[in-house]
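Here's the structure we're looking at; comments come further down.
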Amino acid sequence: MPRYSIVVPIFNEEATIPELYRRLCSVLDCLDGETELILVDDGSRDQSLLLIRELHERDERVCYLSFARNFGHQVAVTAGLNFARGEAVIVMDADLQDPPELIPRLVNQWQRGYQVVYAQRTQRLREPWFKRLMAHCFYRVLYHLADVEIPIDTGDFCLMDRRVVDLLNAMPERNRYIRGLRAWVGFRQTAVLFDRAPRHAGNVKYTFGKSLALAINSLVGFSKVPLRLSTYLGLAAAAVSLLMGLLVMYWRLFAPNSPLTGYTIITVVVFFLGAVQLISIGILGEYVGRIYEEIKGRPLYTLSEVGGFQTHTARRTVFRPEKSPHSTQVTSERDGNG
Ligand code: UDP
Ligand code: MG
């Protein structure tokens, strides 16, 4: 069994894979134990899977999973964690924004007795100001609203002890905001600071839509404050209508020539209440939609190909649909060495 597993989600990263592998290799050679490198192809449409297969054939440390379609970054990380065998599991992005050279520092803290060592960004180099601003605000809002303390400016780049990974794997929920779940399990956690480098090559794969979905997922998954918000909005609307009523009475009695006709006020009030109701229904819908997702109980991902994991049959069978909530259905088109 390897001592370390490194999980890397990959979506259309053909331009970064060779450099990622090169930089990872020089780090892995310095670690004090065997390592497996789990590359999770999240339904890439470029040459990524070909490159991954080549690496697997060249280097027995490289194992891989390939999704039957794009399921998203968080699901790709989840799949990697499901299959990882190491005593410590490191999760990192493929685009080298998470420097592999930081891994020995993460390992060092783990050896000192921390079960979760997360990498915390001190600054983001050469990222667009809009993205930096949104990320800055989002992490702080989440920090204040979430039920658990999710450290600010931390991504998925981290090291987790086997105990933590087993707990994450046992969690049945489908809304998988790994940073939140990782904070939720507890244990001894610490940060390692780093400057986030710019992307090595290729375009960003987290589109604005995907980032927004992740932000909403994290808020809905870790806070009930948005639900309460509709109550507050309703109360605020009631207060405003009361005020408006008083104003109308005043105008009728003391200012009959007021330019505000009844129509204007009615229109404004109707729009305002309509907005409040739609926002409340929308918020409620976010929660109801997630309940619907959970009860459908579909597998979290489907695999079209698995490579490596020779000694891994036992762990893989654990993820059959009837046994695990986020099961993998191996609809194997080609099943490497697995
Ligand atoms: N990624 C993925 N599936 C997706 C989108 C992204 O596996 O649907 C991977 C991507 O290949 C990269 C990591 O997630 O390894 C982070 O993506 P990206 O660098 O585009 O986002 P950032 O976090 O830098 O905004
Ligand atoms: Mg990136």
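May I ask you to list pairs of residues, at least six apart or on different chains, whose Cβ atoms are under 6 Å apart, with the first in segment 189-217 being within 11 Å of ligand 1 (Cβ to nearest atom) and the second being among the basic types (Lys, Arg)?
Arg196/Arg121; Arg196/Arg124; Pro198/Arg126
Scanning segment 191-221 for residues that are touching a helix residue (DSSP H, G or I) at 6+ places or on another chain (Cβ under 9 Å) and assigned to a loop (DSSP other than H, G, I, E, B), which turns out surrounded by the most Cβ atoms within 10 Å (Cβ to Cβ)?
It comes out as Lys205.
I'd like to verify a number: residues in segment 40-58 that are away from ligand 2 (no atom under 16 Å from the Cβ), closer than 24 Å to Arg3 by Cβ and touching a residue at least 24 places away in the same chain (Cβ under 8 Å), how many?
Final tally of qualifying residues: 3.
Could we say that Glu149 is free of Cβ contacts under 8 Å to residues at least 40 places away in the same chain and not in a helix (DSSP H, G or I) here?
So Glu149 fits the description; yes.
Being under 25 Å from Ile295 (Cα atoms) and among the basic types (Lys, Arg) is the filter; apply it to segment 175-227 and report the residue that is farthest from ligand 2 (Cβ to nearest atom).
Lys224
Out of Val7, Val27, which single residue is more than 16 Å from ligand 2 (Cβ to nearest atom) and under 24 Å from Tyr114 (Cβ atoms)?
On the way: Val7 fails: more than 16 Å from ligand 2 (Cβ to nearest atom).
None of the other options fit; the residue is Val27.
Restricting to segment 1-56, name every residue that is under 21 Å from Val107 (Cβ atoms), among the acidic types (Asp, Glu) and surrounded by fewer than 21 Cβ atoms within 10 Å (Cβ to Cβ).
Asp29, Asp32, Glu34 - these are the residues of segment 1-56 that are under 21 Å from Val107 (Cβ atoms), among the acidic types (Asp, Glu) and surrounded by fewer than 21 Cβ atoms within 10 Å (Cβ to Cβ).
Test each condition in (1) out of contact with any Leu (no Cβ under 7 Å at 6 or more places or on another chain); (2) near ligand 1 (Cβ under 10 Å from one of its atoms) for Cys30 and report the one that comes out false.
Among (1) out of contact with any Leu (no Cβ under 7 Å at 6 or more places or on another chain); (2) near ligand 1 (Cβ under 10 Å from one of its atoms), the lone unmet condition for Cys30 is (2).
Given the conditions (1) in contact with an Asp or Glu (Cβ under 9 Å, 6 or more places away or on another chain); (2) farther than 19 Å from Gly33 by Cα; (3) surrounded by fewer than 24 Cβ atoms within 10 Å (Cβ to Cβ), report the number of the one that Arg85 does not fulfil.
Exception for Arg85: condition (2).
If we keep just the residues of segment 10-30 that are in contact with a Ser or Thr (Cβ under 7 Å, 6 or more places away or on another chain) and not in a loop (DSSP other than H, G, I, E, B), which is farthest from Asp59 (Cα to Cα)?
Within segment 10-30, the match that is farthest from Asp59 (Cα to Cα) is Ile10.
From the list Ala94, Ala68, which one is small (Gly, Ala, Ser), more than 25 Å from Gly113 (Cβ to Cβ) and away from ligand 1 (no atom under 12 Å from the Cβ)?
Sole residue among the options that is small (Gly, Ala, Ser), more than 25 Å from Gly113 (Cβ to Cβ) and away from ligand 1 (no atom under 12 Å from the Cβ): Ala68.
Looking only at segment 97-124, filter to residues that are farther than 22 Å from Ile17 by Cβ and within 15 Å of ligand 1 (Cβ to nearest atom); which one of those is surrounded by the fewest Cβ atoms within 10 Å (Cβ to Cβ)?
Among those that are farther than 22 Å from Ile17 by Cβ and within 15 Å of ligand 1 (Cβ to nearest atom), it is Gln123.
Matching residues to (1) within 14 Å of the chain's Cα centre (by Cα); (2) among the aliphatic types (A, V, I, L, M):
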site	(1), (2)
Thr190	no, no
Leu193	no, yes
Ala215	yes, yes
Phe222	yes, no
Ala236	no, yes
Gly245	no, no
Val248	no, yes
Phe254	no, no
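All of the numbers you see were taken from the coordinates with simple rules; none came from a lab. Computed from a predicted model, the values in this text were never measured in an experiment. For neighbour counting, all protein chains shown are included, and Cβ atoms are generated from backbone atoms with ideal geometry for every residue, glycine included.
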